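Only one structure is covered here, and it is reproduced in the block below.
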Amino acid sequence: MSLNVKPLFSRIIIKKKKITQIGMIILPANAKSMETSEGEIAAIGDEVSCVKVGDYVIYGKYAGAKMEIKDDVNEYVVLNEEDVIAIVENKLDPA
């Protein structure tokens, strides 16, 4: 299922990285304390200048006013471009 949401202004939508297993420990879906602050840019607003769709980024865990969106498969977070801390280059770990 594709995301049919277009963020406005300098907002971005990030597909959150899923963590379902660490070593031999399987985590429940509601393990919020293990939630990561990284993911792939799924959509950008017209005023975004530093990142592009497909970039893998790290963002502030408690950054700004975040809003979450869920579809059948993925979870997304909507936040402002300035909440992105870094772009990860040469990412080896599949999302």
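Summing charges over all other residues whose Cβ lies under 14 Å from the Cβ of Gly45, with Lys and Arg as +1 and Asp and Glu as -1, gives -2. A simple spin-label model places pseudo-atoms 7 Å from Cα toward Cβ; at Phe9 and Ile87 they are separated by 2.3 nm. Modelled spin-label separation between Met67 and Val51, with each label point placed 7 Å from Cα along the Cα-to-Cβ direction: 1.7 nm.
We did not get these values from a lab; they are worked out from the coordinates using the rules stated. These numbers were taken from a predicted model, which means no experiment stands behind them. Neighbour counts are summed over all protein chains in view; Cβ atoms, including those assigned to glycine, are modelled from backbone coordinates with ideal geometry.
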